[in-house]
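Peer 1: Have a look at this one before I ask anything.
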Amino acid sequence: MKPWFASCRTVEDAKTLYRDLMKQYHPDLGGDTATAQDINAALEAWLSDGMGRAFRAQEHDTGRGFAEDAPYRFADILARVIRMQGVGRVEVIGTWIYAFGSFEAKDALKEMGFWFSGTHKAWVYSGGIKRPMRATCNTLDKLHAKWEWKEIEKGAQTPFIGATA
């Protein structure tokens, strides 16, 4: 499979490239079926590497390194949180998990490495210890604009396509 989407950093980049490639290679527009299928498979593979891509993008943008198994540990924590009783809405923003309305589950979340963000009124997991930071005005809207994010359905079978084995 050709790495058609290797240069894409966002889903929007991938969508734009996909449309352009399909205009050129779709069988109904003079292209061949094998190439169109290869493009579709490459897009699916690129999208399925969402969590790994999020970690790589954050490493690039922040200079913060992650352990090789970080996406797998992250996916495991996320799977546990979305099945946990007492957890409200769950969002993944970049490489962070936000659990809103989760007062009842605070002890279990603390054991898993979460801490409470008074700014966001949510329990937060980043895979590391909480570091003292100067006050910032990073509202959820600003975080959503800067990083890929997704709200995760409670009890979902698969949190979202992320770290693949």
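Values quoted throughout were computed directly from the atomic coordinates according to the rules given, and no laboratory measurement underlies them. This is a predicted model, so every value here is computed, not measured. Cβ atoms come from the backbone with ideal geometry, glycine included; neighbour counts cover every protein chain shown.
Peer 1: Hey, which lysines would be in cross-link range of LYS146, C-alpha to C-alpha under 22 Å, not counting anything within fewer than 8 residues on its own chain?
Peer 2: Within reach: LYS15, LYS121, LYS130.
Peer 1: Sort LEU109, LEU29 so that the residue with the fewest other Cβ atoms within 10 Å of its own Cβ comes first and the one with the most comes last.
Peer 2: Lowest count first: LEU29, LEU109.
Peer 1: Could I ask something else about it? Arranged by the count of other C-beta atoms within 10 angstrom, fewest first, what order do MET1, MET112 take?
Peer 2: MET1, MET112
Peer 1: By count of other Cβ within 10 Å, fewest leading, how are LEU21, LEU140, LEU78 ordered?
Peer 2: LEU140, LEU21, LEU78
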